[in-house]
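Data first, discussion second: the structure below is written as structure tokens.
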Amino acid sequence: MQPTPPQGPLDDSPDSQDRIRDFLARHGGPGTCDSKTGTRESGLEGWSEVFAADGCRLVCEWSRLGTREELNFSELPPGAPDRHA
């Protein structure tokens with residue numbers, strides 16, 4: 001099963017794709033849950049999550065201001081609270 005990459009304005013960045021591949025390789029491959037995404041502030045901020053087989057999540061929070069784009073990645077262990085519920 002191939003991972004469903006997060007959908008957001010920065011998803012095609014090589015850094016994002018490399019981090020996703022590395023995360024899944026270290027955590028047993030893709031999980032059974034589909035990736036999740038969301039946006040805030042009219043598309044200026046958002047988040048994506050990728051789930052690994054061992055229950056860990058890779059969360060990418062992104063923001064965009066003019067031409068500046070920022071990505072913030074976090075790895076969360078199984079059972080960690082959902083910050084975007």
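ALA25 satisfies every condition listed in (1) surrounded by 15 or more Cβ atoms within 10 Å (Cβ to Cβ); (2) free of Cβ contacts under 8 Å to residues at least 24 places away in the same chain; (3) of a type in the set (A, V, I, L, M) except (1).
Counting only residues that are of a type in the set (Val, Ile, Thr) and under 19 Å from GLY29 (Cα atoms), which one in segment 40-80 is surrounded by the fewest Cβ atoms within 10 Å (Cβ to Cβ)? Looking at residues that are of a type in the set (Val, Ile, Thr) and under 19 Å from GLY29 (Cα atoms), I get VAL59.
Quick note: the coordinates plus some simple rules give every number you see, no bench work behind them. The model shown is predicted, which means the values in this text are computed figures rather than measured ones. Don't worry about glycine lacking a Cβ; one is built from the backbone with ideal geometry, like all the others, and counts go over all protein chains shown.
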